[in-house]
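Down below is the structure, laid out as structure tokens.
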Amino acid sequence: MTLKNRIIARIRADGPMPLSEYMTLCLLHPTYGYYTTRDPLGAQGDFITAPEISQMFGELIGLSLAQAWLDQGAPAPFTLAELGPGRGTLMGDALRATQAIPGFHAAAQITLIEASPPLRAAQADILKDHTPQWLDSADALPDQPLFVVANEFFDALPIRQFQRDGGGWRERLVGLQGDTLTLGLGPLAPYPALDHRLEDTKDGDLVEHCAAALPVITALAQRIATHGGAALIVDYGDWHSLGDTLQALKDHTPTGVLDDPGHADLTAHVDFEVLAQAATLSGCAHSRLTPQGVFLERLGITTRAQKLGSTLGGTPLQNLIEAHRRLTHPTEMGNLFKVLGLYPALPNAAPPPGLDP
Ligand code: SAH
């Protein structure tokens, strides 16, 4: 039975399901889930990410975290973690770039939080010169200083959508029309988690809520607040989300979110304000939300590109110039993607390099 038919059977039996349940089945179903069954990244896959575009991305992230580690007195041991590491490319580039930093590798316990078996295998392969450990969730991170990166992780977490109706909300649910999956609205109900959105929305507006992000960001922030460390969270989204941002991508082309369960990537924009507030509640400070292009320029991506380009010519040089443009230009990823830094809320503490308090 296909995943689509399983979802249809479940809706027939139990009624319409929240989008979060639909997303979880599509992305992480043990047998048919999108991430459980494949490596979706790269030119042959469905989408491409910053670390897959150029080694410069992972190198600069690694150097920013390593400088934050030095600035905090080089604690040892510490956890060097990544959430949703994909093929492991970012971590591989970060480790190569930080090789020469005295004590950094010796003190780092490399920890990868990854749900996908094929991607865990790809990570093991690319990081074979290191000894990473894998965890299922951020809750299991050890109680020690934590320097962590998450690139395009939070956008893959399941969201629910709600449409404003007077002083309450109707949830957008996945239901059935005959044999076809369709989106409809559930009954009017209050949702205490959305009370603050009554202030900035009007009748008919749609808001998204990602409950799954909260335990993750809290687990990171608690460790950083208690033991020291820093987090770099990179994703598409904005300080405050409004409207329907759920999207499906297959073969680098947008497709309907209900069209091909388990065979298309599903993501939603990240509401960074919610992450920042949860981090603050756990005792962490957070940086300003900074466009990816600005962050990478501050870290010296242009100098790095010039260095890499100095030995190249022809197509490889053109590819490098194009990669630099894609990562930084405001009409490409430079503005759509944002970076939020977390760091200890101490008088002398500063956010990781590339970010402002
Ligand atoms: N960071 C990588 C990959 C981004 S794709 C890059 O930039 O190239 C999203 C990643 O998050 C994949 O590795 C996927 O398997 C992982 N992932 C998605 N949901 C997850 C979850 N709930 N727990 C752990 N990993 C998850």
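The values are calculated or read from the model by the stated rules, or taken from the named source; none is laboratory data. What you see is a predicted model; the values in this text were computed from it and never measured. Every residue, glycine among them, receives a Cβ derived from its backbone with ideal geometry; neighbour counts consider all protein chains shown. Side chains are part of the model used for accessible areas, which takes the heavy atoms of the whole protein and leaves out ligands, DNA and RNA. Shrake-Rupley method; radii C 1.70, N 1.55, O 1.52, S 1.80 Å.
Filtered by the rule that a residue be closer than 24 Å to A219 by Cβ, in contact with a helix residue (DSSP H, G or I) (Cβ under 6 Å, 6 or more places away or on another chain) and more than 9 Å from the ligand (Cβ to nearest atom), the stretch 78-97 gives F78, A94. Is there a residue being in a loop (DSSP other than H, G, I, E, B), open to solvent by less than 40 Å² (accessible area, probe 1.4 Å) and over 21 Å from I61 (Cα atoms) anywhere in the stretch 143-158? Yes, the stretch 143-158 has at least one match.
Scan the stretch 33-70 for residues that are more than 16 Å from L119 (Cβ to Cβ) and at pLDDT 95 or above and report the count.
Our first condition is that a residue be more than 16 Å from L119 (Cβ to Cβ); within the stretch 33-70, this holds for 43, 50, 53-57, 59-70.
From what's left, at pLDDT 95 or above: 50, 53-57, 59-70.
Counting residues in the stretch 33-70 that are more than 16 Å from L119 (Cβ to Cβ) and at pLDDT 95 or above gives 18.
Please enumerate the residues belonging to the stretch 306-348 that are among the β-branched types (V, I, T), part of a loop (DSSP other than H, G, I, E, B) and farther than 16 Å from Q55 by Cβ.
Looking only at the stretch 306-348, we keep the residues that are among the β-branched types (V, I, T), and these are 311, 315, 321, 328, 331, 339.
Going one step further and asking which of them are part of a loop (DSSP other than H, G, I, E, B), we end up with 311, 331.
If the condition is that a residue be among the β-branched types (V, I, T), part of a loop (DSSP other than H, G, I, E, B) and farther than 16 Å from Q55 by Cβ, then T331 is the only one that fits.
Filtering the stretch 30-48 to residues that are within 8 Å of the ligand (Cβ to nearest atom) and either among the small types (G, A, S) or closer than 14 Å to G92 by Cβ (or both) leaves only L41. Residues that are open to solvent by 20 Å² or more (accessible area, probe 1.4 Å) and either of a type in the set (S, T, Y) or closer than 12 Å to I217 by Cβ (or both) within the stretch 273-295 comprise E273, V274, Q277, T280, L281, S282, H286, listed in sequence order.
Taken over the stretch 84-93, the residue count meeting the criterion of being closer than 21 Å to I224 by Cα and either outside any helix (DSSP H, G or I) or out of contact with any Leu (no Cβ under 7 Å at 6 or more places or on another chain) (or both) is 2.
State which residue pairs qualify: first residue basic (K, R) and inside the stretch 208-233, second residue part of a helix (DSSP H, G or I) in any location, beta carbons under 9 Å apart, and separation of 6 or more residues or different chains. Correct list of pairs: R223/A138.
For beta carbons closer than 6 Å, sequence separation of 6+ or different chains, a first residue in the stretch 105-131 that is hydroxyl-bearing (S, T, Y) and a second that is open to solvent by less than 10 Å² (accessible area, probe 1.4 Å), the qualifying pairs are T111/T79; T111/A81.
Take the residues in the stretch 105-123 that are more than 13 Å from the ligand (Cβ to nearest atom) and in a helix (DSSP H, G or I), then tell me which one is nearest to D39 (Cα to Cα).
To start, the set of residues in the stretch 105-123 that are more than 13 Å from the ligand (Cβ to nearest atom) comprises 105-110.
Imposing the further condition that a residue be in a helix (DSSP H, G or I) reduces the set to 105-107.
On the way: H105: 28, A106: 30, A107: 31 Å.
If we take residues in the stretch 105-123 being more than 13 Å from the ligand (Cβ to nearest atom) and in a helix (DSSP H, G or I), then H105 is nearest to D39 (Cα to Cα).
Restricting attention to the stretch 108-121, the residues that are buried (at least 19 other Cβ atoms within 10 Å of the Cβ) and of a type in the set (G, A, S) add up to 2.
Looking only at the stretch 124-150, count every residue that is near the ligand (Cβ under 8 Å from one of its atoms) and within 15 Å of I217 (Cβ to Cβ) and tell me the total. Walk me through how you get there before you give the answer.
At the first step, the residues of the stretch 124-150 found to be near the ligand (Cβ under 8 Å from one of its atoms) are 136-137, 150.
Then keep just the ones that are within 15 Å of I217 (Cβ to Cβ); that gives 137, 150.
Counting residues in the stretch 124-150 that are near the ligand (Cβ under 8 Å from one of its atoms) and within 15 Å of I217 (Cβ to Cβ) gives 2.
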